[in-house]
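The values are calculated or read from the model by the stated rules, or taken from the named source; none is laboratory data. What you see is a predicted model; the values in this text were computed from it and never measured. Ideal geometry is used to build each Cβ from the backbone, glycine not excepted, and the neighbour counts take in all protein chains shown.
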Amino acid sequence: MVVLGGGQVAQRRLPALIAAGADVHLVSPEVTPSVEAMADAGEITWHRRRYEEGDLTGAWYALIATGDTQANTLASAEAERHRVWCVRSDDADEATAWTPATGHSEGVTIAVLTTDARGRDPRHTAAIRDAVVEGLRDGTLVAPHHRTRTPGVALVGGGPGDPDLITVRGRRLLAEADVVIADRLGPRDLLAELPPHVEVIDAAKIPYGRYMAQEAINNALIEHAKQGKSVVRLKGGDPYVFGRGMEELQALAEVGIPCTVVPGISSSISVPSAAGIPVTHRGVAHEFTVVSGHVAPDDERSLVDWPSLARLTGTLVILMGVDKIGKIAETLVAHGKPADTPVALVQEGTTAAQRRVDATLATVAETVRAEDVKPPAVIVIGEVVKVGPTTAATSE
């Protein structure tokens, strides 16, 4: 095949032609450094001159991409006489062939071609190509596998609540699932986008109310996977951050069921960020600690060293601690944390219902009651609560 011109168009098109095994002869007095590197590597044959009559003799395909309109016209005419497929980058209407905008996703090639000669718009065609490829990659465009789907389970971290904050891989697996077992704290809006054939099971792990025992969740995962289905366990935040993800993976491993773990954005960092709170800030906090508050400090089941946490100078992030925050605050103050330490509670973070309530360790218990703060809420304790857009960082 023959390529006329060695500029940016040729540079973009040549790799695919080389990969397809084409014997490429490029005619151009000058080329880009990348094209020259292809010639130096022996991937193409470079003829360092302008187009001449007869260059297309014996060719089956020609790409005309020079900046010389007259040369392009003459080359098009030669291609027409020799019945050579001819693509022109400068004037598609004068070409004898048109190439689609192509993209790739999971072994599939997507090609988009404008068929109306009066409305050819390469940029629009490329934009459609990009939208289709991106949709397939992130799961917004559903094209489920039928023959190549591998049964098994995916533990997918859905992020803090906003459906846009699930990972691309997580959304794609969700779009391809046969069964979805979902937590209340997962991005519920994504469930409405699932095809009608997908079975959705509500794990119903609602704090302080109805719950689905962990054993029952494990059994449901195993049962559906053994039926040869693709199962997604959709969890809030990250599967391994207070999400019992390892317990579920261990249960699946015991019966030989393959499992994929897809990390998610943890609410411990993302929710404070959404509320305008950095968990670290130069000159204010050099570390942050994340703990579970579902067990009170004086409960014998507690594994948290609260006295040590009281002595830290960084940020303390507490998950699942709304109803225990009074006891937690008392314990921290009793072990040396100043009573006026700022506290922020961010309820339903990253969702449309998000709200932030501020207090101190001395007032937080009463504030939670007065403001009727409910789970899920992330609690942030430390000086970072007072950091805002106008706060100047120090050099420390």
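Residues to consider are Val322, Val261, Val346, Val255; find the one that is in contact with a Pro (Cβ under 7 Å, 6 or more places away or on another chain) and assigned by TED's automatic domain parsing to the domain that holds Asp183. I'd like the intermediate steps shown before the answer.
Values: Val322 fails: assigned by TED's automatic domain parsing to the domain that holds Asp183; Val346 fails: assigned by TED's automatic domain parsing to the domain that holds Asp183; Val255 fails: in contact with a Pro (Cβ under 7 Å, 6 or more places away or on another chain).
Selected residue: Val261, the only one of Val322, Val261, Val346, Val255 that is in contact with a Pro (Cβ under 7 Å, 6 or more places away or on another chain) and assigned by TED's automatic domain parsing to the domain that holds Asp183.
Could you say whether any residue in the range 46-58 is over 38 Å from the mean Cα position of the chain (by Cα), assigned to a strand (DSSP E or B) and more than 25 Å from Thr102 (Cα to Cα)? Outline the logic, then answer.
Here is the first cut: in the range 46-58, the ones over 38 Å from the mean Cα position of the chain (by Cα) are 46-58.
Within this subset, residues satisfying the condition of being assigned to a strand (DSSP E or B) are 46-47.
Then keep just the ones that are more than 25 Å from Thr102 (Cα to Cα); that gives 46-47.
Yes, the range 46-58 has at least one match.
Do we find that Thr351 is out of contact with any helix residue (DSSP H, G or I) (no Cβ under 7 Å at 6 or more places or on another chain), touching a residue at least 60 places away in the same chain (Cβ under 8 Å) and not basic (Lys, Arg) in this structure?
Here the answer is yes, as Thr351 does meet what is asked.
Could you please find all residues in the range 52-71 being closer than 14 Å to Gly7 by Cα and surrounded by 18 or more Cβ atoms within 10 Å (Cβ to Cβ)? So that I can check it myself, show each step before the final result.
Kept after step one, since they are closer than 14 Å to Gly7 by Cα, are these residues of the range 52-71: 63-68.
Those that are closer than 14 Å to Gly7 by Cα and surrounded by 18 or more Cβ atoms within 10 Å (Cβ to Cβ): Leu63, Ile64, Ala65, Thr66.
Considering only residues that are surrounded by fewer than 24 Cβ atoms within 10 Å (Cβ to Cβ) and more than 9 Å from the chain's Cα centre (by Cα), look in the range 157-171 and name the one that is nearest to Lys226 (Cα to Cα).
The extreme case among them is Pro163.
Can you name the residue in the range 1-29 that is surrounded by 15 or more Cβ atoms within 10 Å (Cβ to Cβ) and in a loop (DSSP other than H, G, I, E, B) and is also farthest from the chain's Cα centre (by Cα) among such residues? Outline the logic, then answer.
Restricting attention to the range 1-29, the residues satisfying the condition of being surrounded by 15 or more Cβ atoms within 10 Å (Cβ to Cβ) are 1-7, 9-11, 13-14, 17-18, 22, 24-28.
Then keep just the ones that are in a loop (DSSP other than H, G, I, E, B); that gives 1, 5-7, 22, 24, 28.
Numbers: Met1: 40, Gly5: 38, Gly6: 36, Gly7: 34, Ala22: 36, Val24: 38, Ser28: 42 Å.
Ranking the candidates gives Ser28 first.
Of the residues Lys324, Lys337, Lys374, which is charged (D, E, K, R), touching a residue at least 24 places away in the same chain (Cβ under 8 Å) and not in a loop (DSSP other than H, G, I, E, B)? Walk me through it before giving the result.
Values: Lys337 fails: not in a loop (DSSP other than H, G, I, E, B); Lys374 fails: not in a loop (DSSP other than H, G, I, E, B).
On inspection, the qualifying residue turns out to be Lys324.
So which residues in the range 351-371 are in a strand (DSSP E or B) and modelled with pLDDT under 95?
First, the residues of the range 351-371 that are in a strand (DSSP E or B): 355-360.
Matches in the range 351-371: none.
Considering every residue within the range 193-206, establish whether at least one is part of a loop (DSSP other than H, G, I, E, B), of a type in the set (Val, Ile, Thr), surrounded by fewer than 16 Cβ atoms within 10 Å (Cβ to Cβ) and on the phi < 0 side of the Ramachandran plot.
Applying the first criterion (part of a loop (DSSP other than H, G, I, E, B)) to the range 193-206 yields 194-198, 203-206.
Still in the running and of a type in the set (Val, Ile, Thr): 198, 206.
Now narrow it down to the ones that are surrounded by fewer than 16 Cβ atoms within 10 Å (Cβ to Cβ): 206.
Narrowing the set further to residues that are on the phi < 0 side of the Ramachandran plot leaves 206.
Within the range 193-206, one or more residues are part of a loop (DSSP other than H, G, I, E, B), of a type in the set (Val, Ile, Thr), surrounded by fewer than 16 Cβ atoms within 10 Å (Cβ to Cβ) and on the phi < 0 side of the Ramachandran plot.
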